[in-house]
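Remarks on the structure that follows.
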Amino acid sequence: MHDVSAASAETVWLVFHKDDKTPKEFVHSLIRTVFAKSERDARATVAQIHREGMSASGPYPAAVAKVLLDECERRVREAGHPLRVTSQEASDSSDEAEDVAFTYACEVP
């Protein structure tokens, strides 16, 4: 896994990368539990990863993206899977910007 300086970006996308060893069920569970996505959204994300080789979630404020990425990395490491989740600075282009509502999946102490 690789963090592309999420702390320095204002908004960040988190990108799931396809591999041939991580079970789809694990990815689905990660999306549901860490990102608080619906069953339908989680299935669509897993399908996109399988079909296109990656799927992005966000954009998130940088601090939120860091918490989500850290939690993903912890769970992937504990499960022993090779899944890569990376961060990517969101474009400043207003064409790509949109209002995204999200639920905080983790609380920061």
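Values quoted throughout were computed directly from the atomic coordinates according to the rules given, and no laboratory measurement underlies them. Computed from a predicted model, the values in this text were never measured in an experiment. Here the Cβ is made from the backbone with ideal geometry for all residues, glycine too, and neighbour counts use every protein chain on show.
Note on residue 37: lysines with a C-alpha under 20 Å away, same-chain residues under 8 apart excluded, are 18, 24, 66.
Starting with the fewest neighbours, write out 38, 87, 55, 29 ranked by other beta-carbon atoms found within 10 Å of each beta-carbon.
Values: 38 10, 87 25, 55 21, 29 15.
Listing 38, 87, 55, 29 from fewest to most nearby Cβ atoms yields 38, 29, 55, 87.
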